[in-house]
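What follows is calculated from the coordinates using simple rules that are stated; it is not laboratory data. It should be emphasised that the depicted structure is a prediction, and the values quoted were computed from it without experimental measurement. For neighbour counting, all protein chains shown are included, and Cβ atoms are generated from backbone atoms with ideal geometry for every residue, glycine included.
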Amino acid sequence: MNCCHIDGRHRRRLTDHRGLLVKTGSPRAYEEIDNFVKQGNEASAVKAIMRDLSDVHQRISDDADKHMGSVLSWWHQWGSIIDRVKNAIRSIGVPDSIDKQVGDQYERFAAAQRNLKQQQSMGAFGNVTSAQQALDVEKKKLDVLRQQQTVVNTQQRAQEAAAKAGVNRPGNRGGWLV
């Protein structure tokens, strides 16, 4: 019983006794299997097919492992993109902390200082008066934010100290609920 044939794309294939197609990994394996089939030794043919399939599977596995670093890298990149989008959505409408507001205002104040120095270096062509006024406005805003930051930080420290001391806990006689 000859069960070997060449399909339309000239790839060597072998059908087992149930009619299932099995791709062979190499011409040498095909010849070995074909010889066993011609001799009528189906057990050896099946053993050769299984060995050949195992070799093919190992080569595919090795190739996949070689490229897994790229896939893993892409997976992590997608994860970080999704995390950034989630965080951006969560922060919509949430006011910045006082520390961030002070930092942002300090950056605007520093920019106004650089602008004033640049205007002063230009001499008569520079607009020193408006640059000085802009610097004064940014300095006042920074001072107000720093005062607010001091109040907020003092309140936070007081709340933390009260929490450590057990004050303002429900059921505490010295707290807000008795």
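Key figures
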{"quantity": "20 °C / 1.002 mPa s Stokes-Einstein diffusion coefficient of the stretch 27-104, Kirkwood radius on C-alpha pairs, µm²/s", "calculated": "120"}
{"quantity": "Flagged links, alpha-carbon separation over 21 Å, of 117/140; 117/139; 86/141", "calculated": "86/141"}
{"quantity": "Gain on full stretching of the segment that runs from residue 28 to residue 143 - 0.36 nm per residue minus C-alpha separation", "calculated": "33.0 nm"}
{"quantity": "Charge sum, other residues only, whose C-beta stays under 13 Å from residue 114's C-beta, Lys/Arg counted +1 and Asp/Glu -1", "calculated": "0"}
{"quantity": "Global size of the stretch 61-168 as Cα Rg and Dmax, reported in angstrom", "calculated": "24.5, 75"}
